[in-house]
Amino acid sequence: MTKRKLILDCDPGHDDAIAIMLAGNHDGFDLLGITVSTGNQTLKKTGINALNITQFLTIDVPVCLGLERPLVRDLQIADDIHGESGLDGFNFPPLHKSFDQRHAVDFIIDTLFESKEKVTFVTTGPMSNLAMALRKAPKIVDHIEEVVLMGGAHGYGNVTPAAEFNILVDPEAAHIVFSSPVKVTMIGLDITRQVQVLPKIVKRMAAINNKASDLFVKLMNVFNENQARVFGLKGGPLHDPVTIAYLIDPSLLKTKHAHCEIDLSHGISYGRTNCDLFDYLKQDANTFVAHHIDVEKFWNIIERSIRSYD
Ligand code: RIB
Ligand code: CA
């Protein structure tokens, strides 16, 4: 079976950590590298978190730091959910792994041009790095299989009534990605809110009793506490791993090809993903918008991934 070449751009982040876990050792992927964006916390912290996760899970891939702030906006972080470190809840062993010295944008461009096969690009944070790479080297679009992103919502947001965090942190970057010629699959809050890490899920994964389950449980306990305090949820939505789970098993999601546009006006809807699911505006479809998830299948994929770290 040919492995799918993958670059994962993320802002770890509790749910990003589980996305890294899923991508890190699945035999269907050739994970070429992890590029780090700011978002859930400052870049210094999301970068250290990415090193800690990959070292702890023995995922031997380059980790490259990206932009320290969004293209236009000032930085807005999500420490209310992810804490002071950006990954509160787990004491990692002393860190020995270091960053790849290439900037994330250069790593993305070089890796895409050097790869013999097209590369699938997954983003689970603000899209500043990918957007900058598209602006610096537009011809990389010919080397990208598709972009699968966690972000947006065709319903209501989670930072404002209109906007979801990954998009609102850097709406201009999102616009560059959504308006590029690349195939984009958008996995928004409408989907990810259906996979909440409820107590029965924590119990199920704790029973696996290996280092990956220990990481999952300790991170999710803090993630859930914060999600309960901020949103009153019984379990935090496990947003980011849905991207990788979908690549593991595309039957996980149902998508609709539609025109999707980022609101760049500076009003109450700034950063909204306007998904024209009923084609009111008769504009060209540019995004595969996920609108259904097989929840049981998702948790089975998560369980299989955790077990695979025995
Ligand atoms: O809105 C949820 C998204 O914002 C997730 O990617 C989470 O990690 C945060 O980055
Ligand atoms: Ca994220």
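The values are calculated or read from the model by the stated rules, or taken from the named source; none is laboratory data. Computed from a predicted structure; not experimentally measured. Because the Cβ atoms are built from the backbone with ideal geometry, glycine has one as well, and the counts that use them run over all protein chains shown. Surface accessibility is based on the protein's heavy atoms, side chains included, excluding ligands, DNA and RNA. Shrake-Rupley method; radii C 1.70, N 1.55, O 1.52, S 1.80 Å.
Quick notes on this structure:
- Taken over the chain, the convex hull of the Cα atoms encloses 121 Å³ per residue.
- Surface analysis of region 38-163 yields an accessible area of 43 Å² per residue, using protein heavy atoms and a 1.4 Å probe.
- Dipole magnitude for the chain: about 460 debye, using +1 per Lys or Arg Cβ and -1 per Asp or Glu Cβ, origin at the Cα centre.
- Taking the 1.4 Å solvent-accessible surface of region 152-310 as the whole, the part contributed by carbon and sulfur is 55%.
- Within the accessible surface of region 1-132, defined with a 1.4 Å probe on protein heavy atoms only, the carbon and sulfur portion equals 51 percent.
- Accessible area (Å², per residue) of region 167-310, counting only protein heavy atoms and a probe of 1.4 Å: 44 Å²
- Less than 5 angstrom separates the built amide H of GLY39 from none of the residues sequence-distant by 5 or more or on a different chain.
- Span from the region 258-308 Cα centroid across to the region 90-109 one, whole angstrom: 29 Å
- Computed E for ASN210/PHE113 - FRET, C-beta separation, R0 45 angstrom, nearest 0.05: 0.70
- Computed over region 187-310: relative contact order in percent, which uses C-alpha pairs under 8 Å that are six or more apart: 32 percent
- Size descriptors for region 1-132 (Cα atoms only): Rg and Dmax, in that order, 14.0, 44 Å.
- Neighbour net charge for ASN274 - beta-carbon separation under 10 angstrom, K R +1, D E -1: -2
- Which of ASP170, ASP60, ASP263 is most accessible, then next, and so on - probe 1.4 Å: ASP60, ASP263, ASP170
- Net charge, ALA245 excluded, C-beta distance under 13 Å - Lys, Arg +1, Asp, Glu -1: -4
- Cut-off 12 Å between beta-carbons: net charge of the residues surrounding ARG307, Lys and Arg +1, Asp and Glu -1: +1
- Percent of Cα pairs exceeding the 17 Å cut-off, where the set is region 35-112: 48 percent
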